[in-house]
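The values are calculated or read from the model by the stated rules, or taken from the named source; none is laboratory data. On a predicted model such as this, the values are computed, not experimentally measured, just so you know. In this analysis, Cβ positions are derived from the backbone assuming ideal geometry, glycine residues included, and neighbour counts consider all displayed protein chains.
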């Protein structure tokens, strides 16, 4: 919950989109009390009116009721004063107005509601290079409506591969590179993805401890909960779609898919661009609560102790203890995915019980290594070297909806609001 100073700040937050992230972002800020008012753009008519919007806001199949979330089992309904004329309601003392006219960011009437900061949670407008008047809508369209800063709740996606990231756009993960945001320069901010957020917090302590040069290779697989883009039952794919698995029932299947976490990670931690990194994703039939399995090959240092399971866990234990915001958690308990759902601001929960390492001696023939001068090889008694390499497997949990991502997004939002 926010302080009294936060509650009296008088700021107004705009949210574009009222899906999973949009709805849970409202929940967070209703609890936090930093913003005096919230304006949510739905962009279309909903059900029979405002009462149906209130019904959707009040209840959640994953996290329970809003009043239960705010006040526990003794809580009572907190939504009142529904006014169809102004399309607004009072939610635990916070006035929330819903706009239902336009889905194009450039046509949303933010200015008349005093909105200067927008969180775009639609997942539709992610190209920071598009002009505000793009006929299909663009993230910069919000700026045309008087907004000063826009935060996207997903990674940027530049459609024209020949274009580079604009100078006024940046991708950040709080607790990793959050301070790279420059309020004098950046107007478009991507909060990355839930997976990138967890992965960045898993990689940062390792990079600080061992250095990028000792990480020979890295890969990850996320065992990810279902998302709204998947199908409840099998259906035909849309025209031009090539991935047939996304149209299969998430209720009945483990589904192989893709993730852009590796590409986005390099935007957040530039050193990762020099490390061979592979990222894969598997969707499973749970509503939230996901897991990253991180596999690293680390070069051992001559004359120093090998990297062990205890050494890896010590790195994370120390990092978690020194994390001022508590974004990184370390546990030696035996968890399942449901145990970490809703855990506040936990970008990554390291499952220390399951950390594994194995050190082996590799055999490398330098004659097969590109770039070595022939004269160097001719002067060697043997071209075969046997370096020691340790492979580490590390597990990191994250609540891909509220606990991890939405809380991290909200911290980013408040920090940007402070700079306005």
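From the list 155, 132, pick out the single residue that is in contact (Cβ under 8 Å) with a residue 60 or more places away in the chain, assigned to a loop (DSSP other than H, G, I, E, B), in contact with a helix residue (DSSP H, G or I) (Cβ under 6 Å, 6 or more places away or on another chain) and in the same structural domain as residue 40 (by TED's automatic domain parsing).
Working: 132 fails: in contact (Cβ under 8 Å) with a residue 60 or more places away in the chain.
None of the other options fit; the residue is 155.
Based on this model, can you work out whether residue 410 counts as in a loop (DSSP other than H, G, I, E, B), over 30 Å from residue 302 (Cβ atoms) and within 17 Å of the chain's Cα centre (by Cα)? So residue 410 does not fit the description; no. Could you grab me the full set of residues in region 1-29 that are out of contact with any helix residue (DSSP H, G or I) (no Cβ under 7 Å at 6 or more places or on another chain) and either at pLDDT 95 or above or in a strand (DSSP E or B) (or both)? Residues satisfying the conditions are 14, 17, 18, 19, 20, 22.
Checking the condition at pLDDT 95 or above and buried (at least 19 other Cβ atoms within 10 Å of the Cβ), which residue from 95, 100, 59, 32 passes? Lay out the reasoning, then the answer.
Working: 95 fails: buried (at least 19 other Cβ atoms within 10 Å of the Cβ); 100 fails: buried (at least 19 other Cβ atoms within 10 Å of the Cβ); 59 fails: buried (at least 19 other Cβ atoms within 10 Å of the Cβ).
Checking each option against the conditions leaves just 32.
Could you tell me whether any residue of region 70-77 is outside any loop (DSSP other than H, G, I, E, B), touching a strand residue (DSSP E or B) at 6+ places or on another chain (Cβ under 7 Å) and either modelled with pLDDT under 95 or closer than 29 Å to residue 189 by Cα (or both)?
First, pick out the residues of region 70-77 that are outside any loop (DSSP other than H, G, I, E, B): 70-74.
Going one step further and asking which of them are touching a strand residue (DSSP E or B) at 6+ places or on another chain (Cβ under 7 Å), we end up with none.
The answer is no; no qualifying residue exists.
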